[in-house]
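Every number in this text was worked out from the coordinates using simple rules, so none of it is lab data. Please read all numbers here as calculations on a predicted model, not as lab measurements. When we count neighbours, we look across all protein chains shown, and the Cβ atoms used for this are built from the backbone with ideal geometry, even at glycine.
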Number of protein chains: 2
Amino acid sequence: MIRSFHPPVRTLMGPGPSDVNPRILEALSRPTIGHLDPAFIQMMDETKLLLQQAFLTSNELTMPVSAPGSAGMETVFTNLLERGDRVIICQNGVFGGRMKENVERCGAEAIMVEDLWGSTIDIDKAEQALRDNPDAKALACVHAETSTGARSDVGVLCGLAAKYDCLSIVDAVTSLGGIELQVDEWGIDAIYSGTQKCLSCVPGLSPVSFSERAAKVIRERKSKVQSWFLDLNLVMAYWGGDAKRSYHHTAPVNSLYALHESLVILQEEGLQNAWHRHALNHDAFVAGIETLGLKFVVDKEYRLPQLNAVSFPDSIDDGRVRTALLNDYSLEIGAGLGALAGSVWRIGLMGYASNKKNVLLCISALGNVLAAEGLAVDVSKAVAAAQAVYAS
Amino acid sequence: MIRSFHPPVRTLMGPGPSDVNPRILEALSRPTIGHLDPAFIQMMDETKLLLQQAFLTSNELTMPVSAPGSAGMETVFTNLLERGDRVIICQNGVFGGRMKENVERCGAEAIMVEDLWGSTIDIDKAEQALRDNPDAKALACVHAETSTGARSDVGVLCGLAAKYDCLSIVDAVTSLGGIELQVDEWGIDAIYSGTQKCLSCVPGLSPVSFSERAAKVIRERKSKVQSWFLDLNLVMAYWGGDAKRSYHHTAPVNSLYALHESLVILQEEGLQNAWHRHALNHDAFVAGIETLGLKFVVDKEYRLPQLNAVSFPDSIDDGRVRTALLNDYSLEIGAGLGALAGSVWRIGLMGYASNKKNVLLCISALGNVLAAEGLAVDVSKAVAAAQAVYAS
C-alpha cells in the first residue's frame, strides 16, 4: 500500500519553482467550482485584468494558458506561424534552442543568431539578421535566460523588429514580476511567461499576451493551428470578453485561484516595488557570494537579479555540494543546464523567495558546505557583507 | 484594487469537475518542492505505480500529462500519428468529433464511423470500417461519452482493432475510476483520462498509458512529434524509469501531489468497490429521477452510472432551472453539449460526488425547482424511491 505523500519543507532557490507564498498555497486549496460557474468567470475576468497590469499592457488577448511555460512558448509559435514561415531567433542559452525546436515543429524555418551563453543578445547581429531576411515573419528572443542568468534588451530588439516589419516574440518566463518588463511601451507582439518564477505561484500555468497586430495574424490564418488544445481561436471562446463563455477544455480551476492570488499579492506590493526588492536582495547576495570568492557568470550590466549563475572552482564536486545543501539545510539551488551543466550553480531569488532571510541562509549554508569541501572561505565575513548592503 | 477570490462552496454534479475530496485539496496545498527533488521523484514513481493499478495495466509508459484531458487526447494522437496516416474514429458524441480535429491537425486522415448521440458505438459498423480500410493505423473510440452519458464496449472494439492489425485508442476521461476499465485485459494500446471526473481530483492533469506496441511506434517515428511540449520521446527523459531524470518542462508539482492523493484514496477504497459505489448511487438516482417523471437519454444497458443525461419537457426553461439550482441550492448540474444542448441536463455522480447525500440533494432540489416551474412532480415520493434503493 502506498501512503499519502508529505513533502519535505524546502527553501527553493533554484531556477524555479521558487518558494510559494503560503497565501497562494491556501488559495490553491479553496473548494473547486465549475469552470463555467458565474463566480469563476468573474474571477477569470479579474485575472485577465491583473495580468494586463503585470505585463503593463492593454492587450485584449491576455490570459493564462492551462499548462506550464513550455506550453506557453508553444502557444505563441503554433498560433503565429504557418508552414513555410521564417523566424529569426536570437539564442544565448537553452531557451532560444527550445524556440528553434518549436519553430521547426510548426513546419517553419528558424534563422539562428547565436550569442555566447551568459552574454546578452547582440543588438547589431540581430539587426543584421533582420536586414538579411526581409521575409522573416517574426523575431524571437528571451528576456531573462533562465539557463545563464543573462538579461537581454528586448525593448530595443522589439523596436528593431517593428522597424523591419516583423512580429516580435518574447520569452518572459523568468522576468515577469522580477525586472522591468513593458509589453506596450516596448511594442512586444507576443509574450509568454510562467507562474513558478517571480510570481511565486505553483508551476503549471503560462500567462500569455498578444498585441492586436499579432491577434489579427492569428484570426486571419490560412491553416488551422496544429494544436487543438492551444488554438487561441478556440480558447478565446472561453477566455474572451463575451459574456457568454463556451466550453473549450476544462480549466485548471484551483491553479487559477492560485494565479489570481499571486497577482493580487503583486498588485498589493506594486510592480515597481517588486522590481526594487529583487534588485536589493540581489545586491546583498552578490556582496556575500563575492566575499566567498565565487564569481558570477554574467557581466554586471546584464545580470538578472532573480537568477544568479555562479561558477565554482574545478576542485568542487557540484553534486556533492547541492546534495549537502539539500540534506543539511533543506535548501535547493539549481544545477547548470545545457552548455553550463557541471560548471555553474543557478541560484534563484525569485518572487517570494527574494528576501533577506533566504539571502543570508544561502550565503551561510553554501559557505559552510564549501568550507567543509576544503575551500578557504570566510563565512561570517560574507554574511556581514550581505548584511551591510541591507543596512546601507 | 482587486481582492483575494473566495469561491462559493458548491456541490458539483455536472460533467466535471466533480466534488473534490477535502483530503485532495489539503494535499494540493502542501509546500511546493522542486521537480527534480529526490523526494518528488519518489512520489512520481509512486504515482506511476498507482496509475498502473487504476488502469489495470503493467504498461511502462504510464504517466500523467501536465495539462488537462484535452491535452491527453492530443498527446496520444500527436505521438502516434504521422502525416498521411489514416485513423478510424467511432463517433457517438462531442468527443469523437474532437478526436477528428486532433487527427486532422496531425496531417492525418480521419475515417468517421458515426452513431447516434446517446447510443453506444455499433460494433458491426466499426468492424466493417476496419475491413474496408486495411491501411488504417488505428481505431479510436470513447469509452464513456461525457456529452451523452453512453458507455461503449471498448473491450470488444479494441479486440477487433487488434484482429485487423490496428492500434486501439481509447478516451477514458470520464470512465477511469467510475466503471470497469481493463487496459491490459482489453488490449488497449493508448488511453488517456482526466483527473476531474471519477478520480475526484482537481482539473489540470491527464493520465495516459501506452502498450509496448504503441510505445514502439512512438520510438520509431520517422518525423518528430509536432508538439515539443507533448513529445513523449522527450517527456520520458523526465518520467521514465531511469534513476537519472532530466528536465523537460517544469512539472505542475502541487497538482501532482493532488493526483497522488486521489490515487491513494482509490487504492484504499479498492477499484472494484469504487465501481460498485458508482453503480449503487446511480441506481438510487435513477429511481428518484424516474419517479419525478424525467427520462434518461441512454438505454439502460449502455448508461453510464457516473454521467446521467436526463431529458426534460419542452415547457421547462433549461437555463432558469440550472440557475435556480445554483443560486438556491449551490448545486451545479451540467447543460447539454453539442447536438444535445438545450434538451438535456448532464448530471454527474462522479468519484467523491457519487454519494447518497448528493443523490438525495439533487432529487429533492431538482424536484422542488421543477414544481416551482409548474411541473406536477411528487418530490417526497421521488426521494423515497431513491432511499428505497439504498435500503434494499
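Work out how much length B:Ser392 to B:Glu104 would gain on full extension: take 0.36 nm times their residue separation and subtract the Cα-Cα distance, in nm to one decimal.
Values: separation 288, 0.36 × 288 = 103.68 nm, distance 5.03 nm.
Taking B:Ser392 through B:Glu104 to full extension adds about 98.6 nm, to one decimal.
Less than 5 angstrom separates the built amide H of B:Val142 from those of B:Asp171, all sequence-distant by 5 or more or on a different chain.
Contact order, relative form, for the range B:271-391: 36 percent (alpha carbon pairs under 8 Å, 6 or more residues apart, mean separation divided by residue count). Full extension of the chain segment joining B:Lys125 with B:Asn273 gains 49.9 nm, where the gain is 0.36 nm per residue of separation less the Cα-Cα distance. Summarised as an ellipsoid, the range A:271-391 has semi-axes of 21, 16, 13 Å, derived from the eigenvalues of the Cα gyration tensor scaled by 5 and square-rooted, with the largest first.
Give me the Kirkwood hydrodynamic radius of the protein assembly as shown, using the inverse of the mean 1/r over all pairs of distinct Cα atoms, in Å to one decimal.
Details: mean 1/r = 0.0369 Å⁻¹.
One decimal place: 27.1 Å for the Kirkwood radius.
How big is the charge dipole of the range A:271-391 about its Cα centre, in debye rounded to the nearest 20, if each Lys and Arg gets +1 on its Cβ and each Asp and Glu gets -1 on its Cβ? Intermediate values should be presented prior to the final figure.
Working: 10 positive and 11 negative charges, 73 e Å.
For the range A:271-391, the charge dipole is close to 340 debye.
For chain A, the C-alpha radius of gyration sits at 1.00 times the compact-globule guess of 2.2 N^0.38 Å, with N the residue count. The lysines whose alpha-carbon is closer than 24 Å to the alpha-carbon of B:Lys381, local same-chain residues fewer than 8 away aside, are B:Lys295, B:Lys300, B:Lys356, B:Lys357.
Pull out a ≥ b ≥ c, the square roots of the eigenvalues of the alpha-carbon gyration tensor of the range B:1-141, then state rounded if a/c is under 1.5, prolate if not and a/b is larger than b/c, and oblate in the remaining case. Note, shape of the range B:1-141 comes out prolate. Of all the options A:Pro17, A:Pro207, A:Pro313, the one that moves most in a Gaussian network model of chain A with Cα springs shorter than 10 angstrom is A:Pro313.
Distances from B:Ala376 to itself in the other copies, using label points 7 Å out along the Cα-Cβ axis, amount to 10.1 nm in increasing order. Taken about its Cα centre, chain A carries a charge dipole of roughly 740 debye when the Cβ of each Lys and Arg holds +1 and the Cβ of each Asp and Glu holds -1.
Dipole of the protein assembly as shown computed with +1 at Lys/Arg Cβ and -1 at Asp/Glu Cβ about the Cα centre; of B:Ala172, A:Tyr238, A:Leu263, farthest Cα towards the positive end is A:Leu263. Within a straight-line Cα-Cα reach of under 12 Å, A:Lys163 can be paired with the following aspartates and glutamates, leaving aside sequence neighbours fewer than 8 residues apart in one chain: A:Glu127.
Inter-copy label distances for A:Ser223: 0.8 nm (label point placed 7 Å from Cα along Cα→Cβ; shortest first).
Distance between the C-alpha centres of the range A:331-350 and the range B:299-368: 52 Å, rounded to the whole angstrom. Note on A:Arg320 and B:Lys222: their simple-model spin labels are 5.2 nm apart, each label 7 Å out from Cα toward Cβ.
Give me the dipole magnitude in Debye, nearest 20, for the protein assembly as shown about the Cα centre, with unit charges on the beta carbon: positive for Lys and Arg, negative for Asp and Glu.
On the way: 68 positive and 90 negative charges, 132 e Å.
Once rounded to the nearest 20, the dipole reads 640 debye.
For the residues A:Gly187, A:Gly293, A:Gly69, a GNM of chain A with alpha-carbon springs under 10 Å puts the largest fluctuation on A:Gly293. Label positions at B:Asn355 and A:Lys356, each projected 7 Å from the Cα along the C-beta direction, are separated by 4.7 nm.
Normalising the average separation of contacting C-alpha pairs (under 8 angstrom, six or more residues apart) by the number of residues puts the relative contact order of chain B at 23 percent. With its label point defined 7 Å out from Cα along the Cα-to-Cβ axis, B:Ala279 lies at 6.8 nm from the matching points of the other copies, in increasing order. Couplings 3J(HN,Hα) of the range B:187-194, computed from phi: x, 6, 8, 8, 9, 9, 9, x Hz, in residue order, whole Hz [Karplus 6.51 cos²θ - 1.76 cosθ + 1.60, θ = phi - 60°; x for Gly and Pro]. From the square roots a ≥ b ≥ c of the eigenvalues of the alpha-carbon gyration tensor of the range A:86-193, which class results: rounded (a/c under 1.5), prolate (a/b over b/c), or oblate? It comes out rounded by the Cα gyration axes.
Pick out, in residue order, every one of the GluC sites (Glu not before Pro) in the range B:148-214 that is DSSP loop and has at most 12 other C-beta atoms within 10 Å; say none if there are none. Of the GluC sites (Glu not before Pro), the ones in loops of the range B:148-214 whose Cβ has at most 12 other Cβ atoms within 10 Å are B:Glu185.
Close amide H partners of B:Val113, meaning residues 5 or more places away or on another chain with modelled amide H under 5 Å apart, are B:Ile89, B:Cys90, B:Gln91. Once you reduce the range B:67-140 and the range A:1-57 to the center of their Cα atoms, the two points are 35 Å from each other.
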